[in-house]
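Below is one structure; the comments refer to it alone.
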Amino acid sequence: MKKIFLLVCLSMSMVSFSQKSDFWDNVQFGGGVSLGFGSQTTIGISPSAIYNFDNGFALGAGLNYLYSEINDFSTSVYGASIISLYQTKFGVQLSGEFDYNFANQKDQFASVNTNFPALHLGVAYNQGRFAVGIRYDVLYDENKSVFASPISPIVRFYF
């Protein structure tokens, strides 16, 4: 985790030294929100910030938190991510996101802590500040991950 944090800090500092005073004009903030209620309750938030380069590439960092509860079983997942995006001229956004997650799963008898990496490669349709698509976790390990599948939706917005 310390190495990931150091990499993000170095990346951001290199970008800030290589740019003029218009650095903040190229920074966008946003992320995603997850809500689900019914037989399973799911609440998630994933704020992030990206720096847009002139050639369609963007690089950034994010945080994430997800809470899920089914009956007496609950899961809390939190982590950090490094985000890379490439915007094509045809409205297609390609993405690569490296996440490192920490999870705590509890039921009425025990509590289990685990951690796991994820490398999501995705494709999304981008319209303005909003993107929707799909991504695949190439590092998915069903024995470590708390997620049911390596495939997940992309819903992104930046301001």
How much FRET efficiency would the formula 1/(1 + (r/R0)^6) give for Phe29 and Asp72, where r is the Cβ-Cβ distance and R0 is 30 Å, rounded to 0.05? 0.20
Using just the helices of the chain, give the 222 nm mean residue ellipticity in deg cm²/dmol: DSSP H runs with n ≥ 4 each add -39,500 (n - 2.57), and the total is spread over all residues, rounded to 500. -3500 deg cm²/dmol
Could you check which residue among Ser48, Ser39, Ser149 shows the biggest mean-square fluctuation in a GNM of the chain with a 10 Å Cα cutoff? Ser39
Give me the percent of accessible area attributable to carbon and sulfur for segment 87-138, probe 1.4 angstrom. 62 percent
Per residue, in Å², the accessible surface of the chain once ligands and nucleic acids are set aside, probe 1.4 Å: 64 Å²
Cα atoms only, the chain: Rg and Dmax in Å? 16.9, 57
Choose one answer from Gln108, Gln93, Gln40: the residue with the largest mean-square fluctuation in a GNM of the chain with alpha-carbon springs under 10 Å. Gln108
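For Val146 and Phe98, calculate 0.36 nm times their separation in residues minus their Cα-Cα distance, and state this gained length in nm to one decimal.
Here the answer is 15.6 nm.
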How far is helix 2-18 tilted off the main Cα axis of the chain, in degrees rounded to 10, range 0 to 90? 20 degrees
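The values are calculated or read from the model by the stated rules, or taken from the named source; none is laboratory data. All of these numbers come straight from a predicted model, not from anything done at the bench. Backbone-built Cβ (ideal geometry, glycine too); neighbour counts: all protein chains shown. Remember, those area values only see protein heavy atoms, side chains included, never the ligands or the DNA or RNA. Shrake-Rupley method; radii C 1.70, N 1.55, O 1.52, S 1.80 Å.
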